[in-house]
Amino acid sequence: MKETKLWINGAWEHTKEYYHLNAPYTGEIIAKVAKATPADVARAIEGAHDVFQSFKKIPAYERAEILYKVVAIMRERKQELAEILAMEAAKPIATGLAEVERTIATYQFAAEAAKQLTGETIPMDAAPGATDRMGYTKRIPLGVVTAITPFNFPFNLVAHKLGPAFAVGNTVVLKPATQTPLSALVMAEIFNEAGLPDGALQIVTGSGSELSDCLVTHPLVKKVTFTGSGAVGLKLKEKVGLRKMTLELGSNAGLIVEPSTPLEKIIKRCVSGAFGFAGQVCISLQRIYVQQSIYEEFTKLFVEETKKLVVGDPLHENTDVSAMIHPDEVARIKKWIEQAKNEGAVVETGAEFTARTCTPTVMTNVQPHMKIVCEETFAPIVSIVPYETLDEAIGYINESQLGLNAAIYTNVLTDAMKAADLLEAGTVIINDIPTFRIDHMPYGGVKMSGYGREGIKYAVEEMTDLKFITMKLNF
């Protein structure tokens, strides 16, 4: 059994208390994980602040080189990193390898962004009385960034916080999810090997409820970036005050399927979007609205394809879906499904449970008020709903309080553009599933799905201050 430590000021530190980390698929204890205290967090923040004074002066090309070295090291250790994901998150090995590849791309984008931090000139003579002045802007680093990350993409979502922060010269205190600390801690090794100055990255593991106050209210923290539940995000936002903050709070992603769509070309893609990583993805396809004329055919094809998915050991190459992150999550979604069935919903396939798994589940005859429809399921479950008109389908998606990604399949250009204009989401995807994301696109939600944007270029803007400089030329 592995025993972990905290990574504070460039050294591994023991703690007085530990918790046991269980493998989601087997339930066996795989690690004894250090539990930080608020005092540990304060020391980490203070250490990161001290290092920031020198790190912000490192030239952009040197910061880029550190990130390029991280990319090279991760390429060499790709299989090992994917196996960590399989062990601590029950992410199927093929899915884990895909996440590592995406993480590598994210750090590469960050390396390139380090050399593209530009400002703009301001035409001062556009206003009377300033014809003898010049003006320009520049982006400057903030200082200490605290990053709180979830379990579902423990390499790539960490990269979306560390990469842009280091690219611009910030330092970071990272608090990874209690369920997936090992992936974060191995990144400490990788960044250390890549030449990141000691103390620029601090990692504190343990309970979010015990550590979050210090992480978001310490006076030396200049920016908070959080990915997780809406309930927690709202509580954090109340405490952050005037500090900068980015919140990515999840969704219940909806898809519209219009009758102009060739169904045979989209079914596999839709099934993968609904059940990848057991549906534990912020933009997992949760609601599918299918035009009435093709509803029966779509549902039949979708159910047939779903039944082909293999539920099993995440280390087996043929596994499509493995365990959910914790047995409590299985119990929760089982209850939600039973509630929906009691109100008339129909299970077309799935809803078979062990203590740790739920088979991919397709529901029909659902109603908008059911939890499996109106809340984020974060589980391998999707609902298929018929509609008559496109306006009706858009209304179904928009009545949700969540709005991260939404999508439409159609071969009618005017319908595509109508959906693009009217769907209330941070991202509208045309002719693909709402689960689509590449790592340099702007990413973030509207309504209760978040605040601010990730995606390297956009995160860089969120992680810097804009300074304006003007000079009088004749005095």
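The values are calculated or read from the model by the stated rules, or taken from the named source; none is laboratory data. The model shown is predicted, which means the values in this text are computed figures rather than measured ones. Cβ: placed from backbone, ideal geometry, glycine included. Neighbour counts: every protein chain shown. For accessibility, only protein heavy atoms count, side chains too; no ligands or nucleic acids. Shrake-Rupley method; radii C 1.70, N 1.55, O 1.52, S 1.80 Å.
Here are the numbers for this structure:
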{"item": "Residue, most open to solvent (accessible area, probe 1.4 Å), within region 277-297, restricted to residues that are touching a Leu at 6+ places or on another chain (Cβ under 9 Å) and assigned to a helix (DSSP H, G or I)", "result": "GLU297"}
{"item": "Condition met for ALA340 (more than 19 Å from SER251 (Cα to Cα) and open to solvent by less than 60 Å² (accessible area, probe 1.4 Å))", "result": "yes"}
{"item": "Subset tally (residues that are at pLDDT 95 or above, closer than 20 Å to TYR136 by Cβ and open to solvent by 50 Å² or more (accessible area, probe 1.4 Å)) for region 458-475", "result": "7"}
{"item": "Single unsatisfied condition, ASP439 versus (1) acidic (Asp, Glu); (2) over 25 Å from SER293 (Cα atoms); (3) open to solvent by 70 Å² or more (accessible area, probe 1.4 Å); (4) in contact with a helix residue (DSSP H, G or I) (Cβ under 7 Å, 6 or more places away or on another chain)", "result": "(3)"}
{"item": "Within region 237-261, considering residues that are without any contact (Cβ under 8 Å) to a residue 60 or more places away in the chain and not acidic (Asp, Glu), the one most open to solvent (accessible area, probe 1.4 Å)", "result": "LEU242"}
{"item": "Inter-residue pairs, beta-carbon under 9 Å, first under 16 Å from ASN9 (Cβ atoms) and in region 192-209, second of a type in the set (Asp, Glu) and surrounded by fewer than 24 Cβ atoms within 10 Å (Cβ to Cβ), 6+ apart", "result": "ASN192/ASP198; GLY199/ASP50; VAL204/ASP40"}
{"item": "Helices (runs of 4 or more DSSP H) fully within region 52-135 counting 2 or more residues that are of a type in the set (Val, Ile, Thr) and surrounded by 15 or more Cβ atoms within 10 Å (Cβ to Cβ)", "result": "60-76, 93-114"}
{"item": "Pairs where the first residue, in region 401-418, is among the polar types (S, T, N, Q) and the second is buried (at least 21 other Cβ atoms within 10 Å of the Cβ) and in a helix (DSSP H, G or I), C-beta under 9 Å, 6+ apart", "result": "THR410/ALA419"}
{"item": "Residue in region 384-395 that is aromatic (Phe, Trp, Tyr), open to solvent by less than 70 Å² (accessible area, probe 1.4 Å) and assigned to a strand (DSSP E or B) present", "result": "yes"}
{"item": "Residues of region 333-357 that turn out to be within 13 Å of PRO380 (Cβ to Cβ) and either in contact with a Pro (Cβ under 7 Å, 6 or more places away or on another chain) or in a helix (DSSP H, G or I) (or both), as a count", "result": "6"}
{"item": "Candidates PRO164, PRO154, filtered to the one that is touching a Pro at 6+ places or on another chain (Cβ under 8 Å) and modelled with pLDDT of 95 or more", "result": "PRO154"}
{"item": "Failed item, numbered, when GLY129 is tested on (1) at pLDDT 95 or above; (2) over 24 Å from the mean Cα position of the chain (by Cα)", "result": "(1)"}
{"item": "Residues located in region 1-42, provided they are in a helix (DSSP H, G or I) and of a type in the set (Asp, Glu)", "result": "ASP40"}
